[in-house]
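What follows is a short report on a single structure.
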Amino acid sequence: MTITLPVVFVLGVIAWAAIKVLGIRLWAALVIALFGFWLAHTFLAPAVESGTRTGVQIVNGKHI
């Protein structure tokens, strides 16, 4: 049986835990999220997407 989780959901859980457990302030989390949106519109977006894909494949056990 295969269980799939969207990366956005996993990152959301990590962000929620960081705010609740680590005590990161909400405004800092929002600034980081806005930086992510900005980064998605730069020339670095393909590299970030490729790195994310590779990381997910490694976690799933599908080595490249």
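Rolling a 1.4 Å probe across the protein heavy atoms gives the chain an accessible surface of 92 Å² per residue.
For the chain, what % of the accessible area comes from carbon and sulfur atoms, probe 1.4 Å? Ligands and nucleic acids excluded, carbon and sulfur give 75 percent. When Rg and Dmax of the Cα atoms in Å is computed from the coordinates, the matching label among (i) 14.2, 39; (ii) 15.3, 49; (iii) 17.3, 58 is (i).
The values are calculated or read from the model by the stated rules, or taken from the named source; none is laboratory data. Treat the numbers as computed from the prediction; the structure is a model and nothing was measured. In case anyone asks, the SASA skips ligands and DNA or RNA and just uses the protein heavy atoms, side chains included. Shrake-Rupley method; radii C 1.70, N 1.55, O 1.52, S 1.80 Å.
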